[in-house]
Amino acid sequence: MNWQVELLQSFLLASSALFSIVNPMGGALIFAQVTGDRTHAERILLARRVGTYSALVMLVSLWIGAYVLAFFGITLPALRIAGGLVVAVSGWRLLTAPEHLDETKQAQAGHAMDADEVAFFPLTLPLTTGPGTISVAIALGANRPSEPAAFIGFVVGSSLAAIAIAAVVWFAYSSADWITRLLGEARIRIIARLAAFILLCVGVQITLNGVLDALRAAGLGAALR
């Protein structure tokens, strides 16, 4: 597989997984509610900062998170299995109870509305890129290939996906009022459920990759013994 194909596949995989868990459209609803007392200029500035911070959170989680866990002796197959299960559980929770999750995010965001640095906390963490997003990004980063050409494609594709999702967050939050009027809350809920099902499938695939890697490693170890 050449690196261009790996780049495209990695971009599609990472963008679908991150879009599902970040849910920019649903976040735009909450953003519009918790920043309703601010001016339009202030909301545009907040949206830009949230987009920038979200990109940083996802990129750091993608490329450093797996190494931090590896420092504690956690193997890549184990990380893939655990990360895939976390992703799958997150997708299942979003699929079955997205309204409850949105209400939790809104409550967390509402507590710090008077703070000066609301762009990072709580609008970025935990409203936009919370623990679920970080777990998904770490799981994706742990699923990287070892072949040099494929690794390059994976790095570029996944990084572009994180940046693209951050750009969607920036646009959605900047256009929060327009999006909520255009789509309506019911249609946004439907989009969120479809995205959650994709996230569930991505989690199962990552877990399967981890299990296969563990079985191959076990078979190699048995052969060496």
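Identify all residues within the range 54-63 that are in contact (Cβ under 8 Å) with a residue 24 or more places away in the chain and either surrounded by 20 or more Cβ atoms within 10 Å (Cβ to Cβ) or aliphatic (A, V, I, L, M) (or both); write none if there are none.
Taking the range 54-63 first, the residues in contact (Cβ under 8 Å) with a residue 24 or more places away in the chain are 54-55, 57-59, 61-63.
Result: Ser54, Ala55, Val57, Met58, Leu59, Ser61, Leu62.
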### Query
Phe151: open to solvent by 60 Å² or more (accessible area, probe 1.4 Å), within 22 Å of Leu95 (Cα to Cα), aromatic (Phe, Trp, Tyr) and more than 11 Å from the chain's Cα centre (by Cα), yes or no?
no
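Answer yes or no as to whether Arg48 is part of a helix (DSSP H, G or I), among the basic types (Lys, Arg) and at pLDDT 90 or above. Reasoning before the result, please.
Values: part of a helix (DSSP H, G or I): yes; among the basic types (Lys, Arg): yes; at pLDDT 90 or above: yes.
So Arg48 fits the description; yes.
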### Query
Which of the residues spanning the range 1-49 are surrounded by fewer than 22 Cβ atoms within 10 Å (Cβ to Cβ) and closer than 14 Å to Thr129 by Cβ?
Phe19, Arg49
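State the number of residues belonging to the range 82-95 that are within 9 Å of Gly203 (Cα to Cα), crowded, with 21+ Cβ neighbours inside 10 Å and not polar (S, T, N, Q).
Residues of the range 82-95 that are within 9 Å of Gly203 (Cα to Cα), as a first pass: 83-91.
So of that shortlist, the ones also crowded, with 21+ Cβ neighbours inside 10 Å come out as 83-84, 87, 90-91.
Next, from what is left, pick out any that are not polar (S, T, N, Q): 83-84, 87, 91.
Residues in the range 82-95 being within 9 Å of Gly203 (Cα to Cα), crowded, with 21+ Cβ neighbours inside 10 Å and not polar (S, T, N, Q): 4 in total.
The values are calculated or read from the model by the stated rules, or taken from the named source; none is laboratory data. Since the structure is predicted, the reported quantities are computational estimates derived from the model, not experimental observations. Positions of Cβ are backbone-derived with ideal geometry, glycine not excepted, and every protein chain shown enters the neighbour counts. Areas reflect the complete protein model, heavy atoms only, side chains present, ligands, DNA and RNA absent. Shrake-Rupley method; radii C 1.70, N 1.55, O 1.52, S 1.80 Å.
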